[in-house]
Every structure is written in C-alpha cells, then in structure tokens.
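Encoded as structure tokens, the structure appears first; notes follow it.
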Amino acid sequence: MYRFEHVVYLWLLVSIPILLLSLYVFLKWQRNSINKLGNRNLVLQQLITYIPNRFTLKMLLLIAALFFLIVALANWQKGSGEATAKRKGVDIMIALDVSKSMWAKDLQPDRLTRAKLFINKLLDKVENDRVGLIVFAGNAYLQVPITTDHAALKMMLQAVSPDMVPTQGTEVGAAINLACTSLSGKNRNSKTIVLISDGEDHDEKFTSAIEAAKEAGISIQTIGVGSEKGAPIFDPNTQANKIDAQGNEVLSKLNKAALVAIAQQTNGTYSAIDNMEEAVKTITLKIDQMTTTEFESVWYADYTNFFQIPLAIALVLLIGAMFLKIASKQTSKTLTLLIFTLWACNPSLYAQENKMLKQANALYKEKKYKDATQCYQKALQINNKNSTAHFNNGNSLYSQKNNEAARKEFDQASKWSADKQAKSGAQYNIGNTYMDEKKWEEAIAYYKNALKLHADDQDAKYNLSYALAMKKKDDNNKKKNKDNKKDNQQNKDNKDKNKEQKQQQDQQNKQEQNKDQKKQEEKNNSGQQPSKLSKQQAEQLLQALMQEEKKLQDKKRQERAQPIKKEKDW
C-alpha cells in the first residue's frame, strides 16, 4: 500500500506546467528577436560559446529537478508489509430499511438519518467484530459484505438513500434471507442480524425467513424507527408530503408489534431508536453474551519512507544542469544547498517526529492523556504545522477537561490541514467543547462551520439540532424568568401603592374624625348649662333669697299700716 504522507505539498506540482509554458513563451520570443536582427544562422555564429538547444536542455533539467524535489517533500511511503492478527469477535449483519417511509420526520431530522447515526455509534462499540450492511425496501441488496474495515462501511453508509432501491415496500423477509445467506458458515452462535426498520407494511412471507434464521442459530436484534402515532412522509424530490391515490396525505406508523415478535422468536432483543444510547447498550450487551469466533484481519504494521529516491534523482538532475554552465552560478549553488540541506536534515526530523507521534498515540490509547499531551507538544516543536498532531493533542486536552487549550489545538489543526473533512472534524470538536460548557450559540456556530466543510456529517447535524433545541429552551426559560420578575415587581409596586393609599385614607379619616369631634365640642360649648352648685352654696343662696323675701314682706305690711299723706294743692 503506497501513499504520500504530506499530500498538501503535491499542490506545488501545479508550478511545473506553468514553468514549461513560460519556457515555451520565452523561447518563442527569443527566436523572434533573433530573426529581427538578421539571418538566424549568421547571428548565432557570432555567439562564440553558443551550443544549439543548451539553454532549453538546462531549463528542462531544472524543471525536472523541481518536480522530483516536490515529490520528495510529499514523502512517498509504502506500508512495511501486511501483518495478520488473530482476533475474536462476532459476525454482525446490519439490515437497514431504506423505503420512502424512512423519510418521515417524526424523528429529527428524519428516520433514515437517525438510523445512520445509530449505525455509526454501534460500529464504534463493536471494534473487534466483523460487520456487513444490507439495504432493503421492495427487495434486499448486499451493500457491504462482512468485513473488519468499519471505516469503509461508514463511507458506504453515507451514500445510502431510498432512491438507490428501484422497488419500494418493506420486504423484511427478503432482508432476513439475504442476511442469513451472507452469514452462512460455521459457529452458528456467533452470528446476529441487526434489523433497523419502521416495520410498516411488512411482507407476509417473513415467517419462513424467521424460521430459517432460527434453524441457522442466528438471533435478530430489531430496532424500531419512528412513532406509533405516525407522521407524513416528506419527499425531498418533490419537496412535499406524499399523498395516496385518493389525494389523502400518507401517514407512516411504527409497527412495533411485528418487530417485537421477530426479536422474541429468534432469541433477540427489541429497542426503540428514540433512546439511541440505551439501544446501542442493549445490543452490545447481547453481543457480549454471544460466543465469539476467531478470525484473521490484515493491517499494515508501519510505513517506510521513500523520499530519498526522488530526492536523489533531483540531485543528479541539478548536478547535470550545473555542468551546462548556462544558468546563473548563484542559482545553481542555492538549489544545491537546498537539496543537501533536505538530504541531511529531513530523514532525522521525519524519524524523530514520527517517533514522538507514535509514542503519543500509544499513550492516548492507554488513556494517559497528560503524558500524551507532552509527547504531542514535543512533536509540534519539530513541526508546528502538523495538523494531525494538533488534532490529536486537542483530543488529549479535551479528555483532560481542558476545553480552552483543546479549542486552540483544534483551531491550529483546522488552520494547517488541507483536507476539508479534517477541517470539518476540528470545527466539530470545537463545537463539542462549547456544548460541554452549555454555550449553545458558540456550539451552533462551529457545528455550522463543520457542515459547510462536510455537509454529510451526521454527527454534526444531530448535535446542531440538539444545540438549537437547547438554546431555544434556555431562551424560553430566560423569557419566563424575566416575565415572572416583571410580575413580581408589578405586584410589589401595587402592594406599595395600596399601602400608601390606605395610609392616606387612614390619615384623611383621622382628620375628619378630629374635625367632627371639634365641631361637637363647639356645639356642646354653645349650649352648655350652668354648672351645678355645691350644697353649701345652695344653702347660702336660699338664705339670701329668704331674707330678701322677708324684707319685701315687712315693707308691704308697713305700707298698709300708715295713713295716706296728701299732696299740697298750692
């Protein structure tokens, strides 16, 4: 297996055709200029040191040297030999329903997307097992044979859609029969089928398929996708919900009973995809209880660098160009120095950098994150533009809960990587760090960046929808708290206002009461009776009145006893 370690340097090869074109234009201009001076042969004879086509040859040698130098910088590598390893695991055949009912949106963003995300999470949990993929609707098709290459299966899974199956329907029986055939062989108890479907409109012949699975000793783990309440089927091709022949909107419902019956009859389990983590856990526990079988897997133990070969060719071409003595001596010396510098330093730097990265990756797998970070940083001191080292160091720091430092590393990985998918992964991981801190707006921004770079990233789509939902929930809570605070303040203001009004009313009533009391006192004072005399005063007053009456009586008696005296008449 061959590869280039630093593919980004291959972009420099674009300069080769540009240089060749420039050389052609220059030679044409040179020819036209000489022709203007006179007869070409006569003019060239005046150039004592001229050798026909020497300049052209020298330039071609220099351009060829540049080509091989660029190839050397990209570091051509070969796997150092296939190594086989014996592993123990279980054979798992995933049967995925891709009928158009899987476009229903009772699960966000839709049933099929949620099913793909479930398969990706399941593959991460069954690293030692062999897995295959079958897609089915009106018929069943083997998409990926049983394999240990989970990365290839994930890649094939991205292209799965209802449009790839010509016949619609839900032929569960056909999918089970094809899965049993693909899992045929010894070790009956080490094979299982994971059936992912809404179970709707299943064919009537699936009973015989279940019997065949039971006879082969293959258990079936069923995953229900959708809701029993049902949802309309949105067709992205028409951008509208599907309707039946009568013009009514079609509703697709989860047939839970059928899926539960399949699982029970084959000693399997049933799980709903609504709770994805629980469903993955249920299936992995069931797989762990199964009998494992031993099989061999092929992998490449290490890679051998071959940059020395194109580097040596570039050196030979450069030396050949130097002997032609046409180009500037300073230019030849500079290029020669560059070649020898790369020859002397590149192998040791590559070796040291690769050694540190391998050691750091091993420590990371052992969950020694602090030691792994130190190794990654040493590797980055050698080559600070190694995007893979930045990315892995970010993962190590993230595992240490150091989100701020992890974000810086992921940002550097995105900066120096030339691969859009790698950039998308770095942006996605930055979003995860903000998700952990419940900073929904920042997380949403980075998930959107990840999807701009890799639109088919199902994890990013799922996390984006989750972050949007949580942000909406927080905004609603904040609005509710703000309204409650406003109501409480208003109630307090009303209470204070009522208290003030009551105090004013009490004061007014008190003033009116005092006024009435004052009026009453004035009224009482205006009609007041003489105060009552004491007993002694009354006796004295009575005696005085009696004496006065006695004097008056005596005076009257005297007047009656005396004669009447006449007045004088003169």
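The values are calculated or read from the model by the stated rules, or taken from the named source; none is laboratory data. Every value quoted in this text rests on a predicted model; they were computed, and no experiment measured them. Glycine gets a Cβ as well: all are built from the backbone with ideal geometry, and neighbour counts include every protein chain shown.
Computed quantities for the displayed model
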| quantity | calculated |
| --- | --- |
| Boolean, Asn237 is within 21 Å of Gln108 (Cβ to Cβ) and either of a type in the set (Asp, Glu) or without any contact (Cβ under 8 Å) to a residue 12 or more places away in the chain (or both) | no |
| Residue selected from the range 182-204 under the condition exposed (fewer than 15 other Cβ atoms within 10 Å of the Cβ) and among the small types (Gly, Ala, Ser), by the criterion modelled with the lowest pLDDT | Gly185 |
| Qualifying residue in the range 169-177 (condition: under 14 Å from Ala258 (Cα atoms), in the same structural domain as Ala263 (by TED's automatic domain parsing), surrounded by 15 or more Cβ atoms within 10 Å (Cβ to Cβ) and among the charged types (D, E, K, R)) | yes |
| Among the residues listed as Ala231, Ala245, Ala216, the single one being hydrophobic (A, V, I, L, M, F, W, C), farther than 21 Å from Leu112 by Cβ and modelled with pLDDT of 80 or more | Ala216 |
| Ile176 in a strand (DSSP E or B) and either under 13 Å from Ala95 (Cα atoms) or at pLDDT 90 or above (or both) | no |
| Among the residues listed as Val144, Val135, Val160, the single one being over 18 Å from Gln264 (Cα atoms), assigned to a loop (DSSP other than H, G, I, E, B) and among the hydrophobic types (A, V, I, L, M, F, W, C) | Val160 |
| Qualifying residue in the range 376-384 (condition: part of a helix (DSSP H, G or I) and within 25 Å of the chain's Cα centre (by Cα)) | no |
| Every pair of residues 6+ apart whose Cβ atoms lie under 7 Å, when the first sits in the range 127-147 and is in the same structural domain as Phe206 (by TED's automatic domain parsing) while the second is among the basic types (Lys, Arg) | Asn128/Arg87; Asn128/Lys88; Ile146/Arg130; Thr147/Arg130 |
| Residue in the range 256-264 that is closer than 25 Å to Lys281 by Cβ, more than 36 Å from the chain's Cα centre (by Cα) and surrounded by fewer than 16 Cβ atoms within 10 Å (Cβ to Cβ) present | yes |
| Test: residue in the range 240-248 that is under 16 Å from Gly199 (Cα atoms) and touching a residue at least 12 places away in the same chain (Cβ under 8 Å) | no |
| Residue tally, condition in contact with a helix residue (DSSP H, G or I) (Cβ under 7 Å, 6 or more places away or on another chain) and aromatic (Phe, Trp, Tyr), over the range 253-296 | 1 |
| Options Asp483, Asp456, Asp474; residue that is modelled with pLDDT of 70 or more, within 30 Å of Met155 (Cβ to Cβ) and of a type outside the set (Val, Ile, Thr) | Asp456 |
| Test: residue in the range 214-230 that is part of a helix (DSSP H, G or I), in contact with an Asp or Glu (Cβ under 9 Å, 6 or more places away or on another chain) and surrounded by fewer than 21 Cβ atoms within 10 Å (Cβ to Cβ) | no |
| Matching entry among Asp91, Asp106 (being in the same structural domain as Leu153 (by TED's automatic domain parsing) and at pLDDT 85 or above) | Asp91 |
| Residue tally, condition farther than 20 Å from Leu112 by Cβ and assigned to a helix (DSSP H, G or I), over the range 263-288 | 11 |
